[in-house]
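A quick write-up on the structure given underneath.
Only the coordinates and a few stated rules stand behind these numbers; no lab work does. For clarity, every value in this text was computed on a predicted model and none was experimentally measured. Positions of Cβ are backbone-derived with ideal geometry, glycine not excepted, and every protein chain shown enters the neighbour counts.
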Amino acid sequence: MVQNLSPVTEVLDLVTKAYVDGEITSHTHDTRYYTESEIDTFLSGKSDTGHTHDHGATTGLGDDDHTQYYNAARHTKAVHDALTLDHGSLSGRTDDDHPQYACWTNSAQNSSS
């Protein structure tokens, strides 16, 4: 076989060899295959490869249809201020519940003794 063939060419090469060697003796032409006219119909609505899109003409860009995200309208100062936490009021800050990390508080206390 010729080296550096495309994958499609390699597959076709192998199938042809299998036919020649008698490993494949028949194949079926039934409704699993599309006719040329069916393919033409499927592809009739596609654009040619040389087309371009004018994104400036795209509609709906201003629609607020992702309400799960904050945007300028939903993220007002009042909403932001309501979400602000006073970290000093959080409980459990002194818990040493991550033993895989060096605890700065314990290190500081241990180094001063």
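Note on ARG74 and SER6: the model spin-label points, each 7 Å out from Cα along the C-beta direction, lie 4.6 nm apart.
Compute the length gained on full extension between LEU90 and THR28: take 0.36 nm times their separation in residues and subtract their Cα-Cα distance, giving the result in nm to one decimal.
Value of the extension gain: 15.2 nm.
Each of LYS17 and THR35 was given a label point 7 Å from its Cα along the Cα-to-Cβ line. The distance between the two points is 3.6 nm.
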